[in-house]
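Data first, discussion second: the structure below is written as structure tokens.
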Amino acid sequence: MSKDSEKNIDQHVSTSQALDDEQRVKVLSPGMLVMKRFFRNKLAMAGLVILIAMFLFSFVGGVVSPYGESQVFRKTEYVWKDYAGATDNDAYIFTVKEGMDFPAAAQQKFILAVNQEQDSFEANDAVYGLEKKGDIYYQITSAEPVATVLTLKGKSSYKEAGSTPVTDEIKEGYTAAVEADEESFEVDGVTYSITKSGRQDVISVSGVIGVATKKVFNPVSQEDTPGFDFQEAALGALAEDKTSFEYEDTKYEIQSLDGQEAVEILKEGQVYATISSLLVSPQTSGSFLSLSFKEAVEEAINENADTFTAVNEKGEEEKYQLQRKNTQYVIRNQKKTTVNDTFRSPDSKHWAGTDGNGMDMLTRLMYGGRISLLIGFVVIIIEVVLGVIIGGISGYFGGWVDTILMRLVDVVICIPAMPLYIIIGSVMDYYKIDPRIRIYALCAILGVIGWPSIARIVRGQILSLREQEFMVATEATGIRVSRRIFRHLIPNVIPQLIVFATMGLGDVILMEATLSFLGLGVKFPYASWGNIVNAVNDVYVLTNFPFVWIPAGCLILLTVLGFNFVGDGLRDAFDPKMKR
């Protein structure tokens with residue numbers, strides 16, 4: 001070949017790099033043309049970069065994260081907990097003599113008798129006597145009838161009323177008591193009481209069985225709890241305004257406390273017990289509160305103090321809180337306890353802080369991205385498969401097949417999606433469906449509800465394609481119907497499907513986020529961006545911990561924007577009329 005011929009050939013070879021150059025168009029395939037148009041779209045490239053970042057964040061980030069999706073972080077701190085309660089005692093406290101019985105029914109009748117100012121009452125076929133000792137306490141006695149006495153014209157007749165025989169000594173004691181206008185007498189160390197019953201007198205064996213008081217005995221130690229005899233002796237001395245009393249050959253002194261109603265009982269100069277109107281009881285049953293603690297509580301109440309210091313069980317001084325609730329007081333102390341590290345602000349350990357369960361927010365966002373993106377792709381795949389099959393069959397066959405399938409599409413479109421999601425979510429909540437199964441069910445429900453729009457697009461495209469020459473050729477060559485639809489018609493619809501699916505992914509992610517936000521989608525402990533944003537249902541979290549919900553909302557926004565940008569870019573790239 002001559003040099004002139006080679007020179008002429010070179011002159012016809014284009015060296016231009018423009019996409020619409022005639023020579024380059026001849027060597028670029030349709031796919032390459034689409035790619036060139038797509039990559040020249042700056043918004044599409046921005047969307048692609050966003051999506052790549054989201055996938056790396058969700059799928060790679062969860063692998064490299066040092067924490068687990070449901071790992072809970074704990075911290076040790078001091079918290080105020082209820083320790084004891086205090087109230088001004090206005091109920092009677094019954095102390096019964098050893099070996100005696102004073103049942104609940106008798107206690108109720110006692111209160112009724114006191115309110116009605118009676119000196120005796122009956123309960124469970126037993127007669128009890130009451131004797132008020134000043135304003136301090138009541139002495140409760142039992143009264144077993146011995147005899148009834150009827151006196152006429154100075155002569156008394158006795159009728160035995162019990163198992164005790166009426167002796168001459170009893171008669172003489174009764175006569176002497178009546179003449180002295182006394183209500184009791186003693187014979188051989190036994191006390192007998194005289195009560196009126198109409199025109200007759202009733203002689204009864206009288207014995208103290210217990211005392212009832214609104215005063216509270218507080219012993220120094222649980223082992224030194226005063227018994228009945230000691231309490232009766234102390235109350236008797238207090239009722240008579242005595243400063244001391246003897247019990248078992250030991251002298252006890254009574255000392256008032258400055259500015260308090262309580263009194264101390266001293267034994268050999270040491271505090272043995274106190275008598276107070278304030279009832280202080282531990283929050284935990286079986287616990288014992290020291291006398292010094294109870295005195296500190298009463299002093300704090302009298303001074304209207306919010307806090308006070310007292311010696312705890314270990315002999316160490318400890319600070320307590322005193323809170324008033326109506327007529328009662330709650331005493332609290334600080335306890336060292338381990339709690340969830342909730343709503344921790346972002347720091348070097350937790351870059352995005354922790355949520356309300358004490359879980360790392362950044363890790364939850366990574367795993368939540370996996371769920372949200374996977375649900376989006378699975379739902380779109382289900383929609384495309386169902387839409388292509390039903391739309392392809394409907395568009396190719398037409399006639400009654402098309403009519404039936406399109407009416408099916410109309411029925412599915414008319415289904416109210418949100419009420420259906422709410423009903424199905426409530427049913428799964430009622431049967432406590434496993435959270436992982438809920439994710440699969442959510443994908444299936446969203447896919448089954450969302451395919452009609454794809455079916456209509458496929459049907460419309462196939463209706464225009466099936467009459468073209470290449471379809472006539474496939475029919476003439478005897479190719480089976482399924483191959484004509486899925487190998488010759490559907491591939492011509494794929495560009496539109498890709499665009500629709502890409503733009504629909506954003507809608508699916510938004511729907512998943514909405515359902516999870518409403519508590520109908522992905523459930524704890526699994527994370528999704530939607531149920532993370534659900535934290536804003538709490539106004540306190542919404543206003544005070546924005547790092548809990550803002551990152552998830554931003555990730556949803558970026559992901560949906562990314563899919564929309566890519567969808568717009570693909571739509572422009574597949575359109576041959578677009579000028580770039």
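The values are calculated or read from the model by the stated rules, or taken from the named source; none is laboratory data. These numbers were taken from a predicted model, which means no experiment stands behind them. Note that each Cβ is placed from the backbone with ideal geometry, even for glycine, and that neighbours are counted across all protein chains shown. Only protein heavy atoms, including side chains, enter the accessible area calculation; ligands, DNA and RNA are left aside. Shrake-Rupley method; radii C 1.70, N 1.55, O 1.52, S 1.80 Å.
Does LYS294 satisfy the condition of being surrounded by 15 or more Cβ atoms within 10 Å (Cβ to Cβ), basic (Lys, Arg) and either in a loop (DSSP other than H, G, I, E, B) or under 51 Å from the mean Cα position of the chain (by Cα) (or both)? Considered against the rule, which asks whether it is surrounded by 15 or more Cβ atoms within 10 Å (Cβ to Cβ), basic (Lys, Arg) and either in a loop (DSSP other than H, G, I, E, B) or under 51 Å from the mean Cα position of the chain (by Cα) (or both), LYS294 comes out as yes.
Taking region 23-42 as the range and being modelled with pLDDT of 75 or more and assigned to a helix (DSSP H, G or I) as the test, the residues that pass are MET32, LEU33, VAL34, MET35, LYS36, ARG37, PHE38, PHE39, LYS42. Region 508-580 holds helices (runs of 4 or more DSSP H) entirely within its bounds, and those carrying 3 or more residues that are farther than 24 Å from THR342 by Cα map to 550-574.
Against the list (1) over 30 Å from GLN283 (Cα atoms); (2) modelled with pLDDT under 85; (3) of a type outside the set (S, T, N, Q), the condition LYS109 fails is (2).
Of the residues LYS75, LYS81, the single one that is closer than 30 Å to THR337 by Cα, open to solvent by less than 80 Å² (accessible area, probe 1.4 Å) and assigned to a strand (DSSP E or B) is LYS75.
Taking strands (runs of 3 or more DSSP E) as the structural unit, those lying wholly within region 213-271 and holding at least 2 residues that are in contact with a Pro (Cβ under 8 Å, 6 or more places away or on another chain) correspond to 216-219. When residues in region 109-141 are screened for being open to solvent by less than 40 Å² (accessible area, probe 1.4 Å) and in a strand (DSSP E or B), 11 of them pass. Assess whether TYR526 counts as being over 20 Å from TYR367 (Cβ atoms), open to solvent by 20 Å² or more (accessible area, probe 1.4 Å) and either touching a Cys at 6+ places or on another chain (Cβ under 6 Å) or at pLDDT 85 or above (or both). Answer is no for this residue. Exactly one residue out of PHE94, PHE102, PHE57 is farther than 26 Å from ARG199 by Cα, in contact (Cβ under 8 Å) with a residue 24 or more places away in the chain, part of a strand (DSSP E or B) and open to solvent by less than 70 Å² (accessible area, probe 1.4 Å), and it is PHE94. Put simply, of GLU131, GLU117 the only residue that is on the phi > 0 side of the Ramachandran plot and either in contact (Cβ under 8 Å) with a residue 12 or more places away in the chain or of a type outside the set (A, V, I, L, M, F, W, C) (or both) is GLU117. Within region 470-494, being open to solvent by 60 Å² or more (accessible area, probe 1.4 Å), within 30 Å of GLY567 (Cα to Cα) and β-branched (Val, Ile, Thr) holds for one residue alone: ILE494. In region 552-580, the residues that are modelled with pLDDT under 90 reach residues that are of a type in the set (Lys, Arg) and assigned to a loop (DSSP other than H, G, I, E, B) with C-beta atoms within less than 7 angstrom, at least six apart or across chains, in these pairs: ARG580/ARG40. Answer yes or no as to whether ALA212 is in contact with a Phe, Trp or Tyr (Cβ under 7 Å, 6 or more places away or on another chain), crowded, with 19+ Cβ neighbours inside 10 Å and over 25 Å from THR250 (Cβ atoms). Spelling it out, ALA212 is indeed in contact with a Phe, Trp or Tyr (Cβ under 7 Å, 6 or more places away or on another chain), crowded, with 19+ Cβ neighbours inside 10 Å and over 25 Å from THR250 (Cβ atoms). Is it the case that LEU266 is surrounded by fewer than 19 Cβ atoms within 10 Å (Cβ to Cβ) and in contact with a strand residue (DSSP E or B) (Cβ under 8 Å, 6 or more places away or on another chain)? So LEU266 passes the test. Of all residues in region 243-256, at least one satisfies being at pLDDT 85 or above, of a type outside the set (S, T, N, Q), within 25 Å of ASP101 (Cβ to Cβ) and open to solvent by less than 70 Å² (accessible area, probe 1.4 Å). Scanning for something of a type in the set (S, T, N, Q) and either in contact with a strand residue (DSSP E or B) (Cβ under 6 Å, 6 or more places away or on another chain) or at positive phi (or both), does region 72-80 turn up at least one residue? The answer is yes; a qualifying residue exists. Selection over region 294-307 of residues that are under 18 Å from GLU261 (Cβ atoms) and in contact with a strand residue (DSSP E or B) (Cβ under 8 Å, 6 or more places away or on another chain) gives a count of 9. Among the residues of region 45-67, those that are among the small types (Gly, Ala, Ser), more than 22 Å from MET35 (Cα to Cα) and out of contact with any Ser or Thr (no Cβ under 6 Å at 6 or more places or on another chain) comprise SER58, GLY61, GLY62. Residues of region 315-368 that are open to solvent by less than 60 Å² (accessible area, probe 1.4 Å), in a loop (DSSP other than H, G, I, E, B) and farther than 25 Å from VAL220 by Cβ: ASP341, THR342, PHE343, ASP347, HIS350, ALA352, GLY353, ASP355, GLY356, GLY358. Looking at ILE381, is it under 30 Å from ILE52 (Cα atoms), touching a helix residue (DSSP H, G or I) at 6+ places or on another chain (Cβ under 8 Å), open to solvent by 70 Å² or more (accessible area, probe 1.4 Å) and assigned to a helix (DSSP H, G or I)? Criteria met by ILE381. Do we have GLY62 as touching a helix residue (DSSP H, G or I) at 6+ places or on another chain (Cβ under 6 Å), at pLDDT below 90 and surrounded by 16 or more Cβ atoms within 10 Å (Cβ to Cβ) here? Yes: the conditions hold for GLY62.
Every test in (1) touching a residue at least 40 places away in the same chain (Cβ under 8 Å); (2) open to solvent by less than 70 Å² (accessible area, probe 1.4 Å); (3) over 25 Å from SER277 (Cα atoms) is passed by GLU144 save one, and that test is (2). If you go through region 151-174 and keep only what is open to solvent by less than 80 Å² (accessible area, probe 1.4 Å) and either within 12 Å of TYR192 (Cβ to Cβ) or touching a residue at least 60 places away in the same chain (Cβ under 8 Å) (or both), you end up with GLY162, THR164, VAL166, THR167, ILE170, LYS171, GLY173, TYR174.
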